[in-house]
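The values are calculated or read from the model by the stated rules, or taken from the named source; none is laboratory data. None of these values were measured; they are calculated from a predicted model. So basically every Cβ, Gly included, is an ideal-geometry build from the backbone, and we count neighbours across all protein chains shown. Remember, those area values only see protein heavy atoms, side chains included, never the ligands or the DNA or RNA. Shrake-Rupley method; radii C 1.70, N 1.55, O 1.52, S 1.80 Å.
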Amino acid sequence: MQQKLLVLVSTPAYSRLYGPLVYLSDQMLPPGTLVRVPLGSRETLGLVWPGDITANGVEEPTNLRPVLETLDNIGQLPGHWMELMAFAAHYYQRSVGEFALGSLPPQLRDLSQVQLERKLNKRAKLSRSTEEAAPAKQQLPVPTPEQSQVLARMAVEQGPFVLHGNTGSGKTEVYLRRAAEVLAHNAQAQVLMLVPEINLTPQLEERVRQRFSHLGEDAIVSMHSGMTPAQRLNSWLSAHTGQARLVLGTRLAVLASIPHLKLIVVDEEHDPSYKQQEGARYSARDLAVYRGQLQHAQVILGSATPSLESWHHSRAPVASEAAPRYVRLSMPSRIGSGQLPVLRRVDMGKQARKTLVSAPLLDAMRERIARREQVLVLLNRRGYAPVLHCHACGWKSECPHCSAYRVFHKSDRSLRCHHCSLTQAVPRACPSCGNQDIGALGHGTEKIEEHLAELLQDMQRPDGMPLRIARIDADTTRGKGELVRQLAEVHDGDVDVLVGTQMVAKGHDFRRVTLVAALNPDGALFSADFRAPERLFALLLQAAGRAGRDAALSRDQACEMWVQTFHPAHPLFESLKQHDFAGFAEQQLTERQQAGLPPFSFQALLRAEARTQEAAQAFLNAAKLNGESWLAEQAVSVSVYPAVPMSLQRVANVERSQMLVESHSRRALQTFLSHWQNDLHGLRVLHKSVIRWAIDVDPLVI
Ligand code: ADP
Ligand code: ZN
Ligand code: ZN
């Protein structure tokens, strides 16, 4: 007797096929079973999905096709994993099939039952050789009072926790100890540790392997996009079968099947790379918190500069509200005697026009270099939305209607508000003082490496060798292993001045760096992107944490963080000077609350791409009309703003446009988006010139 089964296959959201399909099978297969099924003229991986075949929405074709093969030798995907996929797909407005099948290791899609069987047998043989031993006698550091206190709270409270601790305050040590407790408590328990970047996984892996060597080789696996398909499948199978007790990975690891998950650590939880920036644009940090609830796993969000969203959730609530959603734990002290650097501000208003490196900063750098210490020069991240600025009076391109700056679009020399879409031609002179010298803020640092070489060309090392100035950014590290190689040079002290983007500030330990300089941070103080100050503060504090790690070096003369700015009295720098994240966060959250920005409101973007800007915008504006009439009918409170070109407007001859959707209620926004999806699929058919469209929920950049 043939059974009917619901099977999910991977279909992109815009193909409109986004529910499960019906197939025939000789036997009833439990939900979570992987199968191979025919789809059109091809064969594809499918997942048996729970649900009622007769329920609404499932289209049942007249000629049902049979399941071709059942991959039941790896067991079913757990129910809570399917729940996670269903939630994530719904929340991020994608199809469940795309989300669920897209999160499986790519190789799983291609292997037959027999090939998989062979792989599993090989793994079983290997793992029998490594039995768990008693923990080796290691010399573990005695926890500091702060660490002990934090661990004691974690032992009795469920969390989620926001662990706020400076760089070097011993957060990683807390993760390791908490993981050890959780693993010792339950012989099946699994721990997931997330880091923001592939480059950081080897460092963590080494530390974890050392600490947990007694669990055996196979008990620790990594998961990130830099692995080969075979490695990824292996790690995934280890996690899924429960063999891996510790899973270390980047954001994609949050989607793995980890049946006995009991602890999730999200290190550097504020890092933007936890948000996927294409396809299904999920936030691994947010999904980690949700997953923690589903599986009753404890969640620790650790950072020296938590995201304002997480910080807000961990604030003592005002009288009318319930307890904060997250438990905040703080570790303010740094371990060892390494001092935090002293902040020095150079008022660029008092320097000659167009100065890139001011004289006092240059002198300070020379002094450090002469002593064979290292200097780190931070560059702004490239390509963020520029704001126009008057050099004479300080005027900036504010939007008269919004608490936002208008973005300078170079291609048609316009100023556009990305909030309300107000557009004007760039004025010929400053509207406030008439000065003709207006330009984009925060630019002009690309050539800094060459410029520094010129400024320092008279210097040499004590041994007569020329100075070495190195640049590390996305361009110089494209090749495989390039970043590691270049960082090693810096570690060896072979580089005197390191010029780099935010990527050098992350997690690397430059012991000889005693001076960190931000040449031109003002662009982030006054940016159309309301999150820019938050990122700048995180970057500067993190970079400051890079300096002064070597206590012996910083004893004679304090380490320094230099900032060149036209706004030396800006509150951000005041907080930075005190190393006061809490003060900075409070001030930012007050501003956000007044302006009605996240975390006090919820946003989504609808993006569209077409050959012309007009076509892309026509689609978006039609969507706006449809959406607004539904909103009025349903009395749901969501604002849909007009379409604007994206700040990076044209990529590979494709015009890109976006539209902001905003609400004070997450639920209202979600209700609206779910409805809108259907509309958009319909509209797309009418707007044939639209190449693609997508919804980005909780976008990081608007
Ligand atoms: P974070 O993750 O907050 O940057 P780490 O856990 O990496 O901090 O700790 C910073 C340094 O201090 C590391 O070298 C670590 O081995 C060391 N450390 C951590 N905790 C202790 C402790 N209780 N006693 C001594 N050294 C410690
Ligand atoms: Zn002016
Ligand atoms: Zn505006």
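Taking all Cα pairs closer than 8 Å and separated by 6 or more residues, the relative contact order of the chain comes to 11 percent.
Entry note, the chain: the mean residue ellipticity at 222 nm calculated from DSSP H runs of n ≥ 4, each adding -39500 (n - 2.57), is -10000 deg cm²/dmol after division by the residues and rounding to the nearest 500.
Within a straight-line Cα-Cα reach of under 16 Å, residue 396 can be paired with the following aspartates and glutamates, leaving aside sequence neighbours fewer than 8 residues apart in one chain: 437, 522, 529.
The Cα atoms of segment 254-356 cover 61, 39, 38 Å along the three principal axes, with the biggest extent listed first. Sorting 468, 178 on solvent-accessible area from highest to lowest, probe radius 1.4 Å, gives 468, 178.
With the convex hull of the Cα atoms taken as the outline of segment 534-681, the averaged projected area works out to 13.2 nm². Beta bridges from DSSP with both residues in the chain: antiparallel share about 50 percent, rounded to the nearest 5. Near residue 147, once Lys and Arg are set to +1 and Asp and Glu to -1 for all other residues with Cβ below 12 Å from its Cβ, the sum equals +2. Each of the peptides 424-432, 213-221, 43-51, 650-658 was scored by the mean count of other Cβ atoms within 10 Å over its residues; in descending order, highest first, they stand as 43-51, 213-221, 650-658, 424-432. With pairing defined as another cysteine C-beta under 4.7 Å, the cysteines of the chain that fail it are 420, 559.
Placing +1 on the Cβ of every Lys and Arg and -1 on the Cβ of every Asp and Glu, with nothing else charged, gives the chain a dipole about its Cα centre of roughly 420 debye.
For residue 590, the solvent-accessible surface with a 1.4 Å probe is about 70 Å², rounded to the nearest 10. The modelled label-to-label distance between residue 213 and residue 187, using points 7 Å beyond Cα along the C-beta direction, is 2.5 nm.
A 1.4 Å probe over all protein chains sorts 334, 611 by accessible area into 611, 334, starting with the largest. All distinct Cα pairs of segment 385-442 go into the 1/r average, and the inverse of that average, the Kirkwood radius, is 11.2 Å. The length gained by stretching the chain between residue 367 and residue 414 to full extension, at 0.36 nm per residue less their Cα-Cα distance, is 12.5 nm. From the largest down, segment 602-697 spans 39, 26, 16 angstrom on the principal axes of its Cα atoms. A protection proxy built from the mean count of other Cβ atoms within 10 Å ranks the segments 406-412, 88-94, most packed first, as 88-94, 406-412. What translational diffusion coefficient, to the nearest whole µm²/s, does segment 559-601 have by Stokes-Einstein, given a Kirkwood radius computed over alpha-carbon pairs, a temperature of 20 °C and 1.002 mPa s viscosity? Diffusion coefficient, whole number: 185 µm²/s. Here the spin labels are modelled as points 7 Å beyond Cα on the Cα-Cβ line, and at residue 4 and residue 228 they lie 4.5 nm apart.
Spread over its residues, the convex hull of the C-alpha atoms of the chain is 186 Å³ per residue. Greater than 30 Å separation of Cα atoms is the criterion. Which listed pairs, 354/410; 119/262; 171/262; 275/410; 4/275, meet it? Long pairs (Cα-Cα over 30 Å): 4/275.
With no solvent and one point on each alpha carbon, what is the Debye value of log10 I(q)/I(0) for segment 145-331 at q = 0.12, 0.13, 0.19, 0.20 Å⁻¹? The Cα Debye sum returns log10 ratios of -0.53, -0.63, -1.39, -1.54.
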